[in-house]
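This report refers to the structure that appears directly beneath it.
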Amino acid sequence: MHITQALLHWYDGSRRELAFRGTRDPYRVWLSEIMLQQTRAQTVEGYYRRFLAQFPDVYALARADEQAVLKAWEGLGYYSRARNLHRAAQVIANELGGQFPDTAEELQKLPGIGPYTAAAVASIAFDQPVPAIDGNLIRVLSRLYLVEEDAGIPSVKRRLYQLGLGLMPAARAGDMNQALMDLGATICLPGTPDCGVCPVSGYCLAYKEGEPERLPVLPRKKPPREIPVAVVLLRHGNKIFVTRRSQALLKGLYVFYLLEQEDMAGIRRHLATRGIRPVSLAEIGQARHIFTHRVWQMRMYLCDVADDTMPGEGQWVTKEEMDALPFPTAMKAAGGWADTLLG
Ligand code: SF4
């Protein structure tokens, strides 16, 4: 038996039963693959079901208001995924007659679809024999074939792609990609792989060599930048001030009044320049949120104000109005405070 047959055989008996498995509908495959970027499969399942109930096909998603799409995505993070999903649905519905492109090359022309997602959709929905190379596959392939060079180097990436391509069967390419993904997610784990139960240990060069856990060799990541952020809960009566982000990070989502690098005195000075008169200002808690390249070290403040002068673009909202708006996970702790303060 060859690695491919051994893996497909194992996959037939041991695959993970997940809500988004067992379909070849490109809309569903695409949706699940976008959700699975950066998010664990178990977390994705619930979001996937709810999202499909609300937007059952590409036309429903294309017609939707962006705010409704972001609301359905609330808590999943990496919101550019949702905005791109929405834009790509509009291209498919309005320009491609509702038909998904059926090759990885064409799929990559859509917003938010990179080489990995294109290959996953093309192989699972259209049986195109292309490997879907993500962190899981890099690990599994580096170990199977003892690739000891840095996987961030373009020539090494190309080699890994070719090795993956060599494993693709003429039929069932989608199952093969999913078998490799499952192997990476359940057995060939980062850290300590469970080689004793691996269906392809007999072919694995790193296993033979004796130290599979040292692979893959990955480029060293820069630590994320720490940024102090003041989250100011401006309250006037039973309303709180919120603003819709226009910056690339968290674009389109609602946040409380945010100020970078400000302490209490800085907040007072800043508000004064906006014509805001605090009746009281107090620190109420701290929180931390990790993005890909930065960490927000948040200090939260409650600031009661004398009137409804706005410090900038935004709106005063009641608790009910606030609950209907999409907020990012970064605002979870502050949102909890806002709920209590308005409740
Ligand atoms: S034998 Fe071990 S290192 Fe090799 S593919 Fe299997 S789990 Fe991974």
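Say we look at the range 185-202 and pick out the residues that are of a type outside the set (A, V, I, L, M) and within 8 Å of the ligand (Cβ to nearest atom); which of these is farthest from LEU36 (Cα to Cα)? For the range 185-202, the residue satisfying everything is SER201.
All of (1) part of a loop (DSSP other than H, G, I, E, B); (2) farther than 30 Å from MET298 by Cα; (3) within 23 Å of the chain's Cα centre (by Cα) hold for ALA170 with one exception: (3).
Quick grid of which residues meet (1) farther than 25 Å from VAL130 by Cβ; (2) acidic (Asp, Glu); (3) exposed (fewer than 14 other Cβ atoms within 10 Å of the Cβ); (4) not assigned by TED's automatic domain parsing to the domain that holds GLY164:
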{"residue": "ARG24", "(1), (2), (3), (4)": "no, no, yes, no"}
{"residue": "MET35", "(1), (2), (3), (4)": "no, no, no, no"}
{"residue": "GLN38", "(1), (2), (3), (4)": "no, no, yes, no"}
{"residue": "LYS71", "(1), (2), (3), (4)": "yes, no, no, no"}
{"residue": "ARG81", "(1), (2), (3), (4)": "no, no, no, no"}
{"residue": "ASN94", "(1), (2), (3), (4)": "yes, no, yes, no"}
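Any residue in the range 307-324 that is within 21 Å of GLN247 (Cα to Cα) sitting within a Cβ distance under 7 Å of a residue that is exposed (fewer than 15 other Cβ atoms within 10 Å of the Cβ)? List the pairs, counting only those 6 or more apart or interchain. These pairs meet every condition: PRO311/ARG274; GLY312/ARG274; TRP316/ASP308.
Residues of the range 298-343 that are surrounded by 14 or more Cβ atoms within 10 Å (Cβ to Cβ) and polar (S, T, N, Q): THR309, GLN315, THR329.
Tell me, yes or no, whether the range 153-162 has at least one residue that is touching a Phe, Trp or Tyr at 6+ places or on another chain (Cβ under 9 Å) and either in a loop (DSSP other than H, G, I, E, B) or free of Cβ contacts under 8 Å to residues at least 60 places away in the same chain (or both). Spell out the reasoning first.
Step one: list which residues in the range 153-162 are touching a Phe, Trp or Tyr at 6+ places or on another chain (Cβ under 9 Å), which gives 159-160.
Right, trim to either in a loop (DSSP other than H, G, I, E, B) or free of Cβ contacts under 8 Å to residues at least 60 places away in the same chain (or both) and you get 159-160.
Among the residues of the range 153-162, at least one is touching a Phe, Trp or Tyr at 6+ places or on another chain (Cβ under 9 Å) and either in a loop (DSSP other than H, G, I, E, B) or free of Cβ contacts under 8 Å to residues at least 60 places away in the same chain (or both), which makes the answer yes.
Could we say that GLY174 is surrounded by 18 or more Cβ atoms within 10 Å (Cβ to Cβ) and closer than 17 Å to ARG16 by Cα here? Let's see the steps before the verdict.
Working: surrounded by 18 or more Cβ atoms within 10 Å (Cβ to Cβ): yes; closer than 17 Å to ARG16 by Cα: yes.
When the stated conditions are applied, GLY174 passes them.
Restricting attention to the range 139-152, which residues are part of a loop (DSSP other than H, G, I, E, B) and closer than 16 Å to TYR203 by Cα? I'd like the intermediate steps shown before the answer.
As a first pass, look at the range 139-152 and keep what is part of a loop (DSSP other than H, G, I, E, B): 145-149, 151-152.
Within the range 139-152, TYR145, LEU146, VAL147 meet the criteria.
GLY112 satisfies every condition listed in (1) surrounded by fewer than 22 Cβ atoms within 10 Å (Cβ to Cβ); (2) among the small types (Gly, Ala, Ser); (3) part of a helix (DSSP H, G or I) except (3).
The values are calculated or read from the model by the stated rules, or taken from the named source; none is laboratory data. Here the structure is a predicted model, which means the values were calculated and not measured. Counting neighbours? That spans all protein chains shown, and the Cβs are built from the backbone with ideal geometry, glycine included.
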